[in-house]
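What follows is a short report on a single structure.
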Amino acid sequence: EGAFYLFALRLVPAFPFVAINLVMGLTPIRTWTYVWVSQLGMLAGTLVYVYAGTKLGEFKISIDLLVAFTLLGIPVRWYGLTLLVAAEVAIWLARREGRRHGIAPEVVSDAVVWVALASLVGGRALYIVQNELGMIAADPLHALMVWQGGLSFYGGLITGLAAIAVFARRRGIPVLQA
């Protein structure tokens with residue numbers, strides 16, 4: 001039955017593959033069965049994504065749909081608004097958890113600033129290393145033009161984690177508690 005469940009889970013894009021991999025690693029399914037069933041299950045999704053990719057060029061969207069509102073002549077996009085709300089909720093949760101563990105809300109706010117700055121710098125740095133080294137050689141100021149796009153999630157994650165570890169150590173807070 002494990003092969004059937006694995007196949008069914010691979011067909012449903014709502015289940016992250018990493019979660020499926022972790023769960024299936026706890027079952028007695030044989031490695032070869034896991035490999036071929038996974039490949040077969042992912043084939044259907046791959047075909048759908050390839051087909052969608054070929055049709056994406058024909059898709060037309062109005063740029064006005066992406067703008068939530070305009071503030072002082074600057075368009076505020078839905079994506080940015082969503083990130084702002086998510087950040088505010090995360091800060092509120094972090095301050096609440098900090099209070100629960102005896103960490104002052106001001107300390108949590110300080111940590112947020114350092115982690116945010118480190119994440120932006122690290123995200124931009126990794127993006128540049130991966131994608132735009134030639135452009136930076138020609139125009140070093142291009143590294144500062146973040147409004148033109150270009151942040152790497154993994155660069156931000158790595159430097160954000162490093163920043164919280166350094167911050168916690170300097171403040172004498174156990175890292176896992178921070």
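Per-atom-type breakdown for the chain gives carbon and sulfur 72% of the accessible area (1.4 Å probe, protein chains only). Based on every Cα atom in the stretch 17-57, Rg and the maximum pairwise Cα distance Dmax equal 13.6, 44 Å. 3J(HN,Hα) along the stretch 111-123, derived from phi through the Karplus expression 6.51 cos²θ - 1.76 cosθ + 1.60 where θ = phi - 60°, amounts to 4, 4, 4, 5, 5, 4, 4, 4, 5, 5, 5, x, x Hz, with x in place of Gly and Pro.
Here the simple spin-label model places points 7 Å from the Cα toward Cβ, and for V121 and M135 these points are separated by 2.2 nm.
So if we plug the beta-carbon distance of R30 and Y51 into 1/(1 + (r/R0)^6) with R0 = 41 Å, what FRET efficiency do we get, rounded to 0.05? Mind showing how you got there, number by number?
Working: r = 32 Å, r/R0 = 0.79.
Calculated value: 0.80.
For the chain, the share of alpha carbon pairs falling in successive 10 Å distance bins from zero is 8, 19, 23, 29, 18, 2, 0 percent.
A 1.4 Å probe run over the chain, with the rest of the protein chains in place, finds 76 Å² accessible per residue. Under 5 Å between amide hydrogens, built in the peptide plane, is the criterion, and for V76 it picks out A68, F69, T70, L71 among residues at least 5 positions away or on other chains.
The values are calculated or read from the model by the stated rules, or taken from the named source; none is laboratory data. Predicted, not measured: the structure shown is a model, and the values here were computed from it. So basically every Cβ, Gly included, is an ideal-geometry build from the backbone, and we count neighbours across all protein chains shown. Note: areas computed on protein heavy atoms with side chains; ligands, DNA, RNA excluded. Shrake-Rupley method; radii C 1.70, N 1.55, O 1.52, S 1.80 Å.
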